[in-house]
Amino acid sequence: MNFRPASQIIVALDVPTNEEALRLVTELSSDVGFFKIGLQLYTAAGPGLARAIPFLGPKVFLDLKLHDIPNTVAKAVEAAGKLGVKMLTIHLSGGSEMISAAVKARQDDMLILGVTVLTSSTDQTLRETGIPDTINHHVLRLARLGVSAGIDGLVASPHEARALRTEFGNKIKIVTPGVRPSWSEPGDQKRFMTPREAIDAGADYLVIGRPITAHPNPCEAVAKILGELES
């Protein structure tokens, strides 16, 4: 895709309270395209924040990584659509029937994103869960399953982005967590790249959390990231 840096940055609202999230959204709403609401914040604050964010301009990425029986996942997708959510994640390890149910239940302008392997995982993690394969092979296996069932995009480490882009071309969007500017700490991400490296590897959207949200001046952090992308 033609990369438009500000609109393709997704700020991860990995904060504990609705009040803190709203402060960040208000401060950054004119600078980025999306805000990601994950499991922690959604559990603490409920759906109200997802309803509120679009009124400020940005879009909502609801990252709940749905994984349940097909009917339950389909009903959750329908509910997310009524909130105005534009991106929603599901675990591709739920299988083709569950994936197809999610795709069928989505609103026309919602992107169903498949999660392959979490960026905190390693080959050892896979072995512990009974998968005797490398992360790269397992990611590609699940990605093929998701694409064949109709998903709109994939959530994957930037280290998998190049292979996924080669495999699927422009048929899908690639959303990459595990993005850390060169001036920030990696945190718990084990498979990360800088924003520029991730884009060069084929990412469409960049999910960036603590380098922005924990910065003393979040707007300044976004400006530094945009400068890195545009240089």
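Side notes on the structure shown:
- Single residue of LEU56, LEU66 found to be free of Cβ contacts under 8 Å to residues at least 40 places away in the same chain, among the aliphatic types (A, V, I, L, M) and touching a Ser or Thr at 6+ places or on another chain (Cβ under 6 Å): LEU56
- Across the range 166-201, the number of residues qualifying as touching a strand residue (DSSP E or B) at 6+ places or on another chain (Cβ under 6 Å), at pLDDT 90 or above and part of a loop (DSSP other than H, G, I, E, B) comes to 1.
- The condition of being polar (S, T, N, Q) and touching a Gly at 6+ places or on another chain (Cβ under 7 Å) holds for only one of SER157, SER184, that being SER157.
- Residue count, the range 154-183 (criterion: on the phi < 0 side of the Ramachandran plot, within 12 Å of the chain's Cα centre (by Cα) and not polar (S, T, N, Q)): 9
- Pick from the range 1-43, criterion over 19 Å from GLY227 (Cα atoms) and among the basic types (Lys, Arg), ranking: surrounded by the most Cβ atoms within 10 Å (Cβ to Cβ): LYS36
- Going through (1) within 18 Å of TYR205 (Cα to Cα); (2) surrounded by fewer than 19 Cβ atoms within 10 Å (Cβ to Cβ); (3) among the polar types (S, T, N, Q) one by one, THR116 falls short only on (2).
Table: residues versus (1) modelled with pLDDT of 90 or more; (2) in contact with an Asp or Glu (Cβ under 6 Å, 6 or more places away or on another chain).
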position	(1), (2)
VAL115	yes, no
THR119	no, no
GLU128	yes, no
VAL139	no, yes
ALA143	yes, no
ALA149	yes, no
PRO158	no, no
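- Some residue of the range 140-163 being surrounded by fewer than 19 Cβ atoms within 10 Å (Cβ to Cβ) and closer than 11 Å to ALA203 by Cβ: yes
- Restricting attention to the range 202-231, the residues being of a type outside the set (Asp, Glu), part of a loop (DSSP other than H, G, I, E, B) and touching a strand residue (DSSP E or B) at 6+ places or on another chain (Cβ under 8 Å) number 3.
The values are calculated or read from the model by the stated rules, or taken from the named source; none is laboratory data. Keep in mind that what you see is a predicted model, and the values were worked out from it rather than measured. Methodologically, a virtual Cβ is constructed for each residue, glycine included, from the backbone with ideal geometry; neighbour enumeration extends over all protein chains shown.
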